[in-house]
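A quick write-up on the structure given underneath.
The values are calculated or read from the model by the stated rules, or taken from the named source; none is laboratory data. This structure is a prediction, so every number in the text was calculated from the model and none was measured. Neighbour counts are summed over all protein chains in view; Cβ atoms, including those assigned to glycine, are modelled from backbone coordinates with ideal geometry. We work out accessible area using only protein heavy atoms, side chains counted, and drop any ligands, DNA or RNA first. Shrake-Rupley method; radii C 1.70, N 1.55, O 1.52, S 1.80 Å.
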Amino acid sequence: MKNLKTKLATVAVATAMAAAPAFAEQGITDSEILIGSNNDLSGPFAAFGAPATKAAQLVFDEVNEAGGIHGRKIRFVVEDHAYQMPKAIQGMNKLVNGDKIFAMLLSLGTPMNIAAFKLQDAKNVPNVSPLSAARQMAEPFSPLHYAGTATYYEQIRVGVQYLAEQKGASKVCAMYLPTDFGKDIKEGAESISNETEGLTFVAETTHKPDDADFVGALQKLSAEGCEIVALALGVRQAITVSGTAKKLGLTDISFINSSAGFHTVMAKVPGGVTEGMYAASGWADLLSRMDKPEVQKFFARYTKATGEELPGSGALLGHSAAETMVRALEAAGPELSAKTFQAGIESLNYEDVVSGNTVTYSATDHQGADEVVISVIKDGNWMEIARK
């Protein structure tokens with residue numbers, strides 16, 4: 001009798017195992033893929049986070065309306081951390097341990113992503129196209145980390161060197177938030193200055209995310225003879241810095257942002273407040289490529305769905321990240337797992353017309369786009385002036 005019970009129990013377990021879906025990772029069922037995003041929808045970088053998540057949702061809606069991916073619909077869950085670490089930790093725990101997402105997409109903030117990696121990696125959760133271009137997003141190499149574009153560090157190195165050559169400048173400075181994000185910008189400006197004959201890194205100022213008065217900082221940098229200033233501030237702060245510099249008559253200083261300050265709204269500030277500001281980014285501005293049918297389609301779909309007049313840089317990034325996610329899921333095949341997803345995303349090589357760059361991943365390179373696009377604000381628009 002004991003042997004019979006043992007045999008029956010073994011058969012029952014085997015039957016149950018055969019009937020259960022063979023999904024090793026969380027966030028996958030036979031009808032759904034759960035994607036999460038830990039974002040800034042109300043803080044200093046909401047100009048990126050809010051439209052990015054809206055644009056991504058539009059891509060997923062279109063995919064779901066067409067039947068999904070290998071029979072599965074995408075469900076997108078977004079948490080707002082307002083660029084505050086305590087809220088970011090709460091959001092991360094909810095998404096990974098509560099909602100049990102399969103992958104994280106478009107999560108905003110360098111310190112937020114770095115803090116999340118340990119938990120996400122332990123749960124086998126891929127981190128795709130974070131809204132951070134810090135070196136740590138793809139370095140050191142991890143099978144679960146997939147950065148979207150060239151790093152802040154490389155962007156600023158390329159941008160500072162370009163401006164120095166064009167303007168004959170010799171003194172470089174930085175204004176930055178003392179976070180991992182800000183340190184990347186400062187170190188990029190400092191390292192290229194140390195490596196380039198005739199360039200010297202001479203001064204820096206650090207700021208809080210809610211700082212709004214930059215008179216003292218700008219006067220200090222002016223006294224040090226700064227000719228190029230690398231910025232790692234919030235979007236509103238960068239606008240304030242530009243306007244304050246103009247009021248102080250500091251027209252001999254060139255301000256350059258990384259991709260974190262390369263936003264359409266920067267160019268649209270009334271009164272020419274940001275005119276002449278530079279940015280080195282991993283993509284091209286949307287309005288400069290409105291002759292492309294793909295760009296026109298995205299523009300029309302986004303403005304109709306949201307009621308917003310202009311899909312800015314955040315929306316562009318959301319669209320591009322979602323496209324990468326969709327292409328990777330399709331390439332992964334019906335037997336979806338972190339492993340097949342890795343194989344899928346590492347097979348991607350395509351032109352992203354909306355972002356104006358080339359996206360390529362491989363088994364040894366998890367940075368999607370490598371180009372650095374240098375732009376300047378002229379007549380209320382970002383104008384591309386170089387590409388490295």
- [ ] Using a/c under 1.5 as the rounded threshold, could you call region 287-334 rounded, prolate or oblate? The axes a ≥ b ≥ c are square roots of the C-alpha gyration tensor eigenvalues, and prolate needs a/b larger than b/c, oblate otherwise.
- [x] prolate
Open item on the list: To the nearest 20 Debye, how big is the dipole of the chain about its Cα centre, given +1 on the beta carbon of each Lys and Arg and -1 on that of each Asp and Glu?
Closed with: 1140 debye
TODO: State, as an integer percentage, the relative contact order of region 88-184 based on alpha-carbon contacts under 8 Å between residues 6 or more apart.
DONE: 24 percent
Open item on the list: For Cα pairs less than 8 Å apart in space and 6+ apart in sequence, what is the mean separation divided by the residue count of region 154-294, i.e. the relative contact order in percent?
Closed with: 25 percent
Open item on the list: Along the Cα→Cβ direction, 7 angstrom out, place labels at VAL353 and MET85. What is the inter-label distance in nm?
Closed with: 4.4 nm
- [ ] Using Cα pairs closer than 8 Å and at least 6 residues apart in sequence, work out the relative contact order for the chain, in percent.
- [x] 17 percent
Task: Ranked packing of 38-46, 102-110, most packed first, by mean Cβ within 10 Å - done: 102-110, 38-46
Task: Whole-angstrom gap from region 160-226 to region 21-81, using each part's C-alpha centre - done: 37 Å
Task: Cα shape, region 212-333, gyration tensor, a/c 1.5 rule - done: prolate
TODO: Note the full-extension length gain between GLU195 and LYS100 as 0.36 nm times their separation in residues minus their Cα-Cα distance, in nm to one decimal.
DONE: 29.6 nm
Task: Residues GLU308 and ASP121, FRET efficiency given R0 of 30 Å [Cβ-Cβ distance, rounded to 0.05] - done: 0.25
Open item on the list: With every protein chain kept in place and ligands, DNA and RNA left out, what is the accessible area per residue of region 209-361? Probe 1.4 Å, answer in Å².
Closed with: 39 Å²
Task: Among ALA238, ALA138, SER259 - extreme Cα towards positive end, dipole of region 136-282, charges at beta-carbon - done: ALA238
- [ ] Report, by chain and number, residues whose modeled amide H sits under 5 Å from the one on GLU25, excluding near sequence neighbours (fewer than 5 apart, same chain).
- [x] ALA338
Task: Computed label-point distance, nm, for sites VAL202 and LYS378 using a 7 Å Cα→Cβ extension - done: 2.8 nm
- [ ] Calculate the spin-label point distance for ALA66 paired with ALA223, positioning each point 7 Å from the Cα along the beta-carbon direction, and give it in nanometres.
- [x] 6.0 nm
Open item on the list: In whole percent, and with a 1.4 Å probe on the protein chains, what portion of the accessible area of the chain is carbon and sulfur?
Closed with: 53 percent
- [ ] Mind pulling the angle between the C-alpha long axis of helix 46-65 and the longest principal axis of the chain? Nearest 10 degrees, somewhere in 0 to 90.
- [x] 40 degrees
Task: Sorted peptide list for 340-346, 142-148, criterion being average Cβ within 10 angstrom, highest first - done: 142-148, 340-346
Task: Cβ charges +1 (Lys, Arg) and -1 (Asp, Glu), total dipole of region 31-110, debye - done: 180 debye
